[in-house]
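What follows is calculated from the coordinates using simple rules that are stated; it is not laboratory data. Since the model is a prediction, treat every value here as computed from it, not as a measurement. Don't worry about glycine lacking a Cβ; one is built from the backbone with ideal geometry, like all the others, and counts go over all protein chains shown.
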Amino acid sequence: MEELIKKCNKAVNVEIRKESRAEAKEILFLATEKEQQEFIDYHEKDMGSICCLVLDKIKEDLVRVGKLILNKDDSFGHPITFED
C-alpha cells in the first residue's frame, strides 16, 4: 500500500493545483486501495478533471462516515454547496 500512496502523491503533484495538494493527499491517504487505484488509473489516462471528481467522491464518503470534516474553504467534497 505504501507504494500506491507514493504513486498517488506524485500524481497529485501533477494533477492538482498547489493550494489543494495537501487536502488531496490527506483524502487519498484515508481512501481505500481501490479508490487510490482509481485515482491513479485516471491520472495515467491523462484525465485530470476526472481525478478531481474521484477526490470529490472520496471526500464525500469520508465526511459521511466521520473521518473528515467538510470546511467552507475545502477544494474537494462539493464545497460549492455552502452559502456565502
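Summary of values
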quantity: CD proxy at 222 nm, helix term only [per DSSP H run n ≥ 4: -39500 (n - 2.57); per residue of the chain; nearest 500]; calculated: -20000 deg cm²/dmol
quantity: Normalised convex hull volume, the range 31-79, alpha-carbon set, Å³ per residue; calculated: 58 Å³
quantity: H78 versus E44: modelled label distance in nm, points set 7 Å from Cα along the beta carbon direction; calculated: 3.0 nm
quantity: Note, ³J(HN,Hα) from phi for the range 13-23, Karplus 6.51, -1.76, 1.60, rounded to Hz, x at Gly and Pro; calculated: 5, 8, 8, 10, 5, 3, 5, 10, 5, 4, 5
quantity: Extreme residue, positive dipole direction of the chain, given options G77, V12, I58 (C-beta unit charges); calculated: V12
quantity: R0 of 25 Å, Cβ-Cβ distance K10-E33: FRET efficiency to nearest 0.05; calculated: 0.90
quantity: Count of lysine pairs in the range 2-67 with Cα separation under 15 Å (8 or more residues apart, or interchain); calculated: 15
quantity: Kirkwood Rh, Cα atoms: Rg over Rh of the chain; calculated: 0.95
